[in-house]
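Below is one structure, written out as structure tokens; the observations come after it.
Each value in this text was obtained by applying a stated rule to the coordinates, not by laboratory testing. Just so it is clear, the model here is predicted, and its values are computed rather than measured. Note that we place each Cβ from the backbone using ideal geometry, even for glycine, and neighbour counts take in every protein chain shown.
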Ligand SMILES: [Fe+2]
């Protein structure tokens, strides 16, 4: 049977993708941001997931304003990197575990989480940047080292789903994974954030103290953390900081008790506080070191 | 009974809610069209003719022509959409922020490198009113 072994929280700042694609990662501005992912790349080589279940949001790239699904599950065979206005990222096409994705879709809907099913979908930096951060530089002729099931969450038009809803969706994802017969190791990514505001006169807001308590409570108080009201994200972590609700989906899919394997925090990447955490289920000590 | 918008007292912030989504629909659909090269070419060849395809308000259209980035948001635009217009013009997210905050690129970039805009004094509208900012 398939198992979720660990969770990864990770920002998905577009400028990080641009820095990697243009070979700027050693520049003084970027080096400290990328240094925090060296350990993560070693870790994920050992963790060797067969499938990454990747929770992210589209940034008005693939989904325009004509329809706005709260939860959209990628069920296509593959997902090409999208042109976001400056050309598609030169990274590999993302390949799905299509059989598992359709199993998950069916399981989630019967579990009362009404997914929109995406049988055609391109993916933007929200999905490809975390893959690049965790797996390193790969070009269009390479392959990502695992299959990827994308779950796209609306966090652009208010309201995003509540943290509570997201946390419980994580639990339902776990039930869906564990009812899939194939022996597979699954790592779940919750992406986005941390504090940032891209718009209007308060742009540039960063709240390190608030971000730190958020990462602390992922292990010490995940249920309490999932009750954080939207207005607190907006006020304390900036209007785009509400993306952090997606981390609750990751957290909900893990055991109640987890070990924090690694953490990284850096300001800034462009307008954003970069946050990253790896949480491992204790029954998988092989990955928690 | 109206929904309570408990986020409206955050200074310098326009939360893109369903009301703004409704008001900004055609403006945002115009902006997202620019993510494709063919559309960028058509827009850049004749902005007026291209804008005619989108039934936005006269104010919205003027804000596009003026590249008035804050006005675009006030009229229902969302930053992820308006950033497509920015990208068409060769303006990055960070440069847009420099324009929207009125700080300019250098000062804004320096603020970010120094740790960003602090939350203290920037949580509630009354804090900005007291400082004489809007
Ligand atoms: Fe995002």
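Going from the residue with the fewest nearby Cβ atoms within 10 Å to the one with the most, B:61, A:251, A:202 rank B:61, A:202, A:251.
Working from Cα pairs under 8 Å separated by at least six residues, relative contact order for the stretch B:67-129 is 18 percent. Taking B:114, B:68, B:19 in turn, the Gaussian network model of chain B (Cα-Cα springs below 10 Å) assigns the largest fluctuation to B:114.
Remark: spin-label model distance residue A:140-residue A:282 equals 4.9 nm, labels positioned 7 Å along the Cα→Cβ axis.
A Förster radius of 41 Å, combined with the Cβ-Cβ distance separating residue B:124 from residue B:49, puts the computed FRET efficiency at roughly 0.35. Shape call for the stretch A:198-289 from the C-alpha gyration tensor, a ≥ b ≥ c root eigenvalues: rounded (a/c under 1.5), prolate (a/b greater than b/c) or oblate? Verdict is prolate for the stretch A:198-289. By the beta-carbon count within 10 Å of each Cβ, the least crowded to most crowded order of A:201, B:4, B:131, fewest first, is B:4, B:131, A:201. According to the Kirkwood expression over distinct Cα-Cα pairs, how big is the hydrodynamic radius of the stretch A:30-121, in Å? So the Kirkwood estimate lands at 15.7 Å. Mean partner shielding of peptide A:203-213, defined as the number of other chain Cβ atoms within 10 Å of each residue Cβ, is 6. Checking the a/c ratio against 1.5 first, then a/b against b/c, what shape does the Cα gyration tensor give for the stretch A:137-207? The shape class here is oblate.
Across chain A, Cα pairs under 8 Å and at least six residues apart give a relative contact order of 31 percent.
The ranking of B:9, A:124 from fewest to most other beta carbons within 10 Å of each one's beta carbon is B:9, A:124.
Only helices enter this figure: runs of n ≥ 4 DSSP H residues, each worth -39500 (n - 2.57), summed and divided by the residues of chain B, yield -15500 deg cm²/dmol at 222 nm to the nearest 500. Once the chain from residue A:45 to residue A:1 is taken as fully extended at 0.36 nm per residue, the excess over their C-alpha distance is 13.7 nm. Antiparallel beta bridges, as assigned by DSSP with both residues in the protein assembly as shown, represent about 50 percent of the total such bridges. Every helix of 4 or more DSSP H residues in chain A counts as -39500 (n - 2.57), and over all residues that averages to -9500 deg cm²/dmol at 222 nm. Remark: the stretch B:55-134 projects, on average over all directions, an area of 6.4 nm² (convex hull of Cα atoms).
Taking the centroid of alpha carbons for each part, the stretch A:1-67 and the stretch A:208-253 are 18 Å apart.
Between A:65, A:176, A:203, the Gaussian network model of chain A with springs among Cα atoms under 10 angstrom shows the greatest mean-square fluctuation at A:65. So which residue, out of A:18, A:51, A:153, gets the largest mean-square fluctuation from a GNM of chain A using Cα contacts under 10 Å as springs? Checking each option, the largest mean-square fluctuation is seen for A:18. Decide, for chain A, between rounded, prolate and oblate: order the square roots of the alpha carbon gyration tensor eigenvalues as a ≥ b ≥ c, take rounded if a/c falls under 1.5, and otherwise choose prolate if a/b is larger than b/c, else oblate. Rounded shape, in that the Cα axes give a/c under 1.5.
How large is log10 I(q)/I(0) at q = 0.09, 0.20 Å⁻¹ when the Debye formula is applied to the Cα atoms of chain B, each weighted equally and without solvent? Calculated log10 I(q)/I(0) at the listed q: -0.32, -1.22.
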